[in-house]
Amino acid sequence: MKKIYILFLLSAHTIFAQDYSVEKSTFSFQTGLVGFWLNNESRLSDKFTLRTEIGLDVFTQKDNEKSADFDALVPVITFEPRWYYNLEKRGTAGKNIHNNGANFVTLMVSYRPDWFVITGIENAYLNHQVAIVPKWGIKRNIGKSDFTYELGAGLGYNFMLNKKHSFDDSGEVWLDLHARIGYTFKSSRKK
């Protein structure tokens, strides 16, 4: 009788087990105080995604030699492999993990090309730049809706590229802080 009872418990655990993994794919729009972005997150494994993003960032250009400081909107393309490390803990506790609502660690690589600059300054330009920033962040859902908010912080390095797309000897330490609110248009998990 004990064997049958143990077998029943094991099968019930298997039947009612939850899937606490990242979603297969999400597509969303986000905005913050410093720009707006369209992004996609695709599952690489149960806890890892690859986030690809295109958008416009507010960027401050400083030139100590010519005193040509200005703020501008510039295009940015970003790739982020993300590790959502507490999905199972949040899911087991009954918290909403829809749209990958969990804490994450990432290595952000962002490229700012010199395609265009939106500013009030004439002849403003921005050199090609690549920033590599390890970051920590959180992503949460607002209620049971498809609206989300995201906070993150990291410290890395921003490399300047010359016109031939080779690394220049200039660059700077890069502090990346973000606070965004967004809407997920497409998600693979049911709420």
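Under a 5 Å amide H cut-off, with hydrogens placed 1.01 Å from N, LEU44 pairs with THR49, LEU50 among residues at least 5 apart or on other chains.
Summing +1 for each Lys or Arg and -1 for each Asp or Glu, what net charge is found among the other residues whose Cβ lies under 11 Å from the Cβ of LEU151? Mind dumping the intermediate values first?
Values: positive: LYS135, LYS139, ARG140, ARG180; negative: GLU150.
Residues near LEU151 contribute +3 overall.
First compute the accessible area of the stretch 84-143 with a 1.4 Å probe, then give the percent of it belonging to carbon and sulfur atoms.
Numbers: 1680 of 2860 Å².
It is 59 percent, rounded to a whole number.
What the Cβ-Cβ distance of PHE185 and TYR149 gives, at R0 = 22 Å and to the nearest 0.05, is a FRET efficiency of 0.85. Counting 0.36 nm for each residue step from SER25 to LEU38 and taking away their Cα separation leaves a gain of 3.3 nm.
What does a probe at THR60 reach in the stretch 94-133, counting residues whose amide N is under 18 Å from the point 7 Å along Cα→Cβ? Only 118-121, 125-127 fall inside the zone, counting backbone N under 18 Å. In this structure the amide hydrogen of TRP174, modeled in the peptide plane, comes within under 5 Å of the amide hydrogens of GLY156, TYR157, ASN158, none closer than 5 places in sequence on its chain. Between the stretch 88-120 and the stretch 26-53, the C-alpha centres lie 5 angstrom from each other.
Amide H to amide H, with H built 1.01 Å from N, THR148 comes under 5 Å of ILE142, GLY182, TYR183, THR184, counting only residues 5 or more places away or on other chains.
The values are calculated or read from the model by the stated rules, or taken from the named source; none is laboratory data. Everything numeric in this text was worked out from a predicted model, so none of it was measured. Because the Cβ atoms are built from the backbone with ideal geometry, glycine has one as well, and the counts that use them run over all protein chains shown. What goes into the accessible areas is simple: the full protein's heavy atoms, side chains included, and nothing from ligands, DNA or RNA. Shrake-Rupley method; radii C 1.70, N 1.55, O 1.52, S 1.80 Å.
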